[in-house]
1. At a cut-off of 10 Å², which residues of region B:68-103 become less accessible once all protein chains are present than in their chain alone, using a 1.4 Å probe?
2. Residue by residue, what Karplus-based ³J(HN,Hα) values in Hz, rounded to whole numbers, does region B:80-86 have, using 6.51, -1.76 and 1.60 with θ = phi - 60° and x for Gly and Pro?
3. Can you give me the accessible area per residue for region B:99-248, using a 1.4 Å probe, in Å²?
4. Any idea of the total accessible area buried by the B-A contact, 1.4 Å probe, rounded to 100 Å²?
5. Would the protein assembly as shown count as rounded, prolate or oblate if I go by the C-alpha gyration tensor, calling it rounded below 1.5 in a/c and otherwise prolate when a/b exceeds b/c, oblate otherwise?
6. Find the chain A residue whose Cβ sits closest to the rotation axis that carries A onto B, and give that distance in whole Å.
7. 5 Å is the cut-off here: which amide hydrogens, built 1.01 Å from N in the peptide plane, fall below it relative to B:Ile19, excluding neighbours closer than 5 in sequence?
8. Tally up the carbon and sulfur contribution to the accessible surface of the protein assembly as shown as a whole percent, 1.4 Å probe, everything protein left in place.
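The values are calculated or read from the model by the stated rules, or taken from the named source; none is laboratory data. All figures in this text were calculated on a predicted structure; none of them were measured in a lab. Here Cβ is always computed from backbone atoms with ideal geometry, including for glycine, and neighbour counts include all displayed protein chains. Each accessible area value is taken on the protein alone, full model and side chains, heavy atoms only, with ligands, DNA and RNA left out. Shrake-Rupley method; radii C 1.70, N 1.55, O 1.52, S 1.80 Å.
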2 protein chains.
Amino acid sequence: MIREYLENVLKEVALDIVIFAFREGRMEVLLLKWKHTDKYSLPGGRIRVDESLKDAVTRTVEERTGLKGVFLQQFQVFGELDRYAYYSAQQTREYLERALGESLEDLDLLSRTVSIGYYALVNGERAQPKPDAFTEACAWWDVHDLPRLLFDHNHMIVRALETLRREIRYQPVGQLLPEKFTLGELHRLFEVILGIPLDRRNFHKIVTGYDFLIRLNEKKVGAAIRAPQLYSFNFKKYYAALKEGVGL
Amino acid sequence: MIREYLENVLKEVALDIVIFAFREGRMEVLLLKWKHTDKYSLPGGRIRVDESLKDAVTRTVEERTGLKGVFLQQFQVFGELDRYAYYSAQQTREYLERALGESLEDLDLLSRTVSIGYYALVNGERAQPKPDAFTEACAWWDVHDLPRLLFDHNHMIVRALETLRREIRYQPVGQLLPEKFTLGELHRLFEVILGIPLDRRNFHKIVTGYDFLIRLNEKKVGAAIRAPQLYSFNFKKYYAALKEGVGL
DNA sequence: ATCACAGTGCGTATTTTTTACGCACAAGAT
DNA sequence: ATCTTGTGCGTAAAAAATACGCACTGTGAT
């Protein structure tokens, strides 16, 4: 099955996807643990010869999370000759063979490839992580407390975060929240992405001034202290506002 | 020679480069005219198996302009299945055969490829455009007055411009100017990239407040009316400031 | 010579945006 | 009741962006 798949994909181009979720006040990324090793990597994939780049990424994200229609953004192409940071090409080859449970001789999975880096913004509550054929676990990791990853994947995550931080005004970071959320959650989301504290009250004032936030007639149940007001997005208006750039 | 080159490059990945220059108050891009046709395209290239992506782009820009150390920025990967906008795959194949002067049967130049879009910011005075083996002309064109290009290259230029406009605070657009320039030229450069008028006097005030601008002890010679003051960049300080973002 | 003119160069208001922070109130935990 | 945590509203100061007046300086036209 793996062989059949690999015969119908582009060989020189790979995809690596930094799938972000906001869970319990932290930014987390989805990592795969390779079978029969303690080595981790980003979820990735290949482009089938009969599908577009965008379709390939969408498919891969759906395979790993079960989610359709996820927001995706290209952030960088990685094209260095040597893309092995913590583990050498030789070691990586060994891990891959262990994970696949067979020899690689004729598969040629690790020869020169250029990798297209995407990040995805997903709702952590709805995602249902699933490992792929090479891997035995697929789980969330705090972006600030990651293991050493295979290839240049640690670097990729750093670059994805930098890009998201710089373009936060134009990117739908609200996609990281559940359908109904409190302003406190939105506030923490911005703080954790930007890495700086934002005044609670100013944030509240600015954000409630936007017409793409819908104040719902319900309050959060099971809240620790006090039932906070729930909000949701009018995504049509939200995306329109993002084109111009949404402050704070 | 073409064959030999094409045997040692990645087949599924192409490069297309939007080379910008600021010439006589206009933003211009370098276009190639294919031999024995009246069809145009962006300069492009391939990645040799033994060179990094960055080296490949740098080499291609140098081949087309004679310039070394040019500023380059990835802006998008184009991975649609059908990347033929104004001219069909069939027509494009015909033009390519005419340009090459031989049959393509075994060359397979037009099968499925993913193209990495870069833009370059070059000094229009120093660049010396040179056509490549496929093309008979290499010349500057006003970005607002372009012919219909092959593939999806018109779209690529639009996307490159949009990216440059949005990221102008972080990109070294000063690289588009000659070593010595007047504030008027810098002013027009920003206006033409942003597409909006900027108050002359405010611009002057803000920009002279930056310490990366060096006021030279000379004035422009041969100026129409009055010899204006010349400036140049302290590029080290300029690049440091760009990391934080340079206003206006 | 002098006058119109295009462009540089400097200054001062005004408006808008960002940042800082005071405080009332609501409701679960003890 | 009272402590604590977080919502919600307001005002004030600081900073940045915008608007615009005007003097000066060379050059070409008259």
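1. B:Gln74, B:Gln76, B:Val77, B:Gly79, B:Glu80, B:Leu81
2. 5, 5, 10, 10, 9, 8, 8
3. Working: 7930 Å² over 150 residues.
Dividing the accessible area of region B:99-248 by its residue count gives 53 Å².
4. Numbers: alone 13370 and 13340 Å², together 24720 Å².
Looking at B and A, the buried total is near 2000 Å².
5. Details: a/c = 1.95, a/b = 1.14, b/c = 1.72.
It comes out oblate by the Cα gyration axes.
6. A:Glu12, 2
7. Amide H to amide H, under 5 Å and 5 or more residues apart or across chains, B:Ile19 pairs with B:Leu30, B:Ala120.
8. 49 percent
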